[in-house]
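The structure under discussion appears below in the form of structure tokens.
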Amino acid sequence: MDPALNPYTPGSGRKPPSLQGRDREIDAFGLLVARAKARHYDRGIILSGLRGVGKTALLNHLRAHAERHGWYTVRLEAQNSNAGSRLNHKQLALGLRNGLRKFSRTHAIKQAGERAMEIIEGSSLSIAGVTMSAPNARAADDTLFDVEEIVETVSDLVRPKGAALAVFVDEMQDLDADLTAALIVAQHRANQEGWPFYVIGAGLPNLPAVLAESRSYAERLFLYSSIGPLTADAARHALADPAETVGGSYLSDALNRLVVAADGYPYFLQEFGSAVWELAAAPPFTVDDAVAAIETGTAHLDQGFFPSRWDRATPAERRYLRAIAETGETAPKTSALSITQSAAGPFRAALIRKGIVYSPEHGRISFTVPGMAAFIARQPILDE
Ligand SMILES: Nc1ncnc2c1ncn2[C@@H]1O[C@H](COP(=O)(O)OP(=O)(O)OP(=O)(O)O)[C@@H](O)[C@H]1O
Ligand SMILES: [Mg+2]
């Protein structure tokens, strides 16, 4: 098929041609926006799930909806590097400023907007972006109170417009502790005071636990939604619908073959769809096309999606990853891994920090990436 017309979007956070299987979250957020028009405010939303399942795509979709309805939105992608804390503060300050500018223009408000801008610019968020090297207790307090003050001030601005302020945080499990606490506390205050403010977060499956650890009431503060693989039907649509718009079609056996191979994972669907498009001579796409596409698509994944994690692990960490894979379980007990237990703790911690594994419950460990165990099994044992 003509590569110029390839409708699929394998990659990270790329807007899929057809966002399938997320009606529940989209409807819940739609209701939130509709209710804000009537000055009714609900809880924030937390989306959690494995790598490549479509959290970022969904988060961006929700944000676009909020923007269309004149909301004041801020987007933040949390970083957990050494400079992470400073970058996160800076991103939030910048996002608040840009969002406010846009909101003020959309709603033609001037003076009130300028007052809010002064508060944002004078806050520790903006200043911390330049000067703060290591977070300390006082800085954490400043962050807490400043975020609350900004949210309170902005609430008076957005409420009369039937809008709200929403902070969309991607990779939220990586947000530093003081910003996490500040956003949770602000959401808590907002729920009590009726402020039109929402934290809409997305992250790995451990995100709900990270939030609960920060403030135990976080469990009741948000609507938690776990973003999983697509149903077979949604997966079929995710493949077939984009093709149809540009003259492609699948024989139903071919479609089924791809759906089974992708196991409902959006990233894999995009990769396989893209490969079919490149390989097939003409529509309708056949089982042979599908089989060849699965092979090519898997080779792509083995070169990009998986190694981007695997390559970040040290040889010793790889041994730990291999021990998880060898159990054949999705969430094995850490005590049951075939490695020297006494030395395993630091590797486990480092791999969690790198976002390659997470602990689904106490004493257990899982990959954050679907299909990682099978990938590891395909790798030759070299320097581990
Ligand atoms: N609902 C969907 N239907 C079809 N394709 C989707 C859907 N959601 C996302 N995709 C596609 O799947 C891929 C992964 O999406 P995305 O980057 O949003 O996942 P993610 O969960 O944020 O992953 P990560 O944890 O690595 O950040 C992208 O190629 C995207 O275009
Ligand atoms: Mg993402």
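Put simply, the convex hull of the Cα atoms in region 23-226 casts, on average, a shadow of 10.2 nm². Overall form of the chain: oblate. Here a/c, set by the Cα gyration tensor axes a ≥ b ≥ c, is 1.5 or more, and a/b is not larger than b/c.
Considering only Phe272, Gly30, Leu351, and ranking their Cα positions along the charge dipole of the chain that arises from unit charges at the beta-carbon of Lys, Arg, Asp and Glu, the one farthest toward the positive end is Gly30. Computed from backbone phi with θ = phi - 60° and the Karplus coefficients 6.51, -1.76 and 1.60, the 3J(HN,Hα) list for region 177-191 is 4, 6, 6, 4, 4, 4, 5, 5, 5, 5, 5, 4, 4, 4, 4 Hz; x is used for glycine and proline. Computed packing ranks the peptides 165-172, 152-159 as 165-172, 152-159, most packed first, by mean other Cβ atoms within 10 Å. Using the 1.4 Å probe convention, the accessible area of region 33-128 works out to 46 Å² per residue with neighbouring protein chains retained. Pairs of Cα atoms in region 232-303 fall into 5 Å distance bins, from 0 up to the last occupied one, in shares of 3, 20, 35, 28, 12, 2 percent. The HN-Hα couplings worked out from phi for region 212-224 by the Karplus form 6.51 cos²θ - 1.76 cosθ + 1.60 (θ = phi - 60°) are 5, 5, 5, 9, 5, 6, 4, 4, 9, 8, 10, 8, 9 Hz, whole numbers, x standing for Gly and Pro. Dipole of the chain computed with +1 at Lys/Arg Cβ and -1 at Asp/Glu Cβ about the Cα centre; of Leu321, Ala293, Ser18, farthest Cα towards the positive end is Ser18.
Scalar couplings 3J(HN,Hα) for region 286-292, obtained by applying the Karplus form with A = 6.51, B = -1.76, C = 1.60 to θ = phi - 60°, are 9, 4, 4, 4, 4, 4, 5 Hz; x denotes Gly and Pro. Placing +1 on each Lys and Arg Cβ and -1 on each Asp and Glu Cβ, with no other charges, gives region 313-378 a dipole about its Cα centre of roughly 180 debye. What you get for region 232-303, charging only the Cβ of Lys and Arg (+1) and of Asp and Glu (-1), is a dipole of about 80 debye around the Cα centre.
When +1 charges are put on Lys and Arg Cβ atoms and -1 charges on Asp and Glu Cβ atoms, the dipole computed for the chain relative to its Cα centre reaches about 840 debye. Taking amide H as placed 1.01 Å from N in the peptide plane, Phe285 has its amide H under 5 Å from the amide H of Ser249, Tyr250, Leu251, each at least 5 places away in sequence or on another chain.
The residues of region 196-352 expose, per residue, 44 Å² of accessible area to a 1.4 Å probe.
Using a simple spin-label model with pseudo-atoms 7 Å out from Cα toward Cβ, Arg24 and Gln341 lie 3.7 nm apart. Look at the alpha carbon pairs under 8 Å that are at least 6 residues apart: their mean separation over the length of region 259-354 gives a relative contact order of 21 percent.
With a 1.4 Å probe rolled over the protein heavy atoms of all chains, the accessible area of Arg322, Arg39 falls in the order Arg39, Arg322, largest first. Cross-chain or 8 or more residues apart, Cα under 21 Å: how many lysine pairs in the chain fit that? Count them up, please. Pairs that pass both the separation and distance tests number 9. Taking the protein heavy atoms of the chain in the context of the full set of protein chains, the accessible area attributed to carbon and sulfur is 52 percent at 1.4 Å.
The values are calculated or read from the model by the stated rules, or taken from the named source; none is laboratory data. Please read all numbers here as calculations on a predicted model, not as lab measurements. No Cβ is skipped: glycine too gets one built from the backbone with ideal geometry, and neighbour counts run over all protein chains shown. Remember, those area values only see protein heavy atoms, side chains included, never the ligands or the DNA or RNA. Shrake-Rupley method; radii C 1.70, N 1.55, O 1.52, S 1.80 Å.
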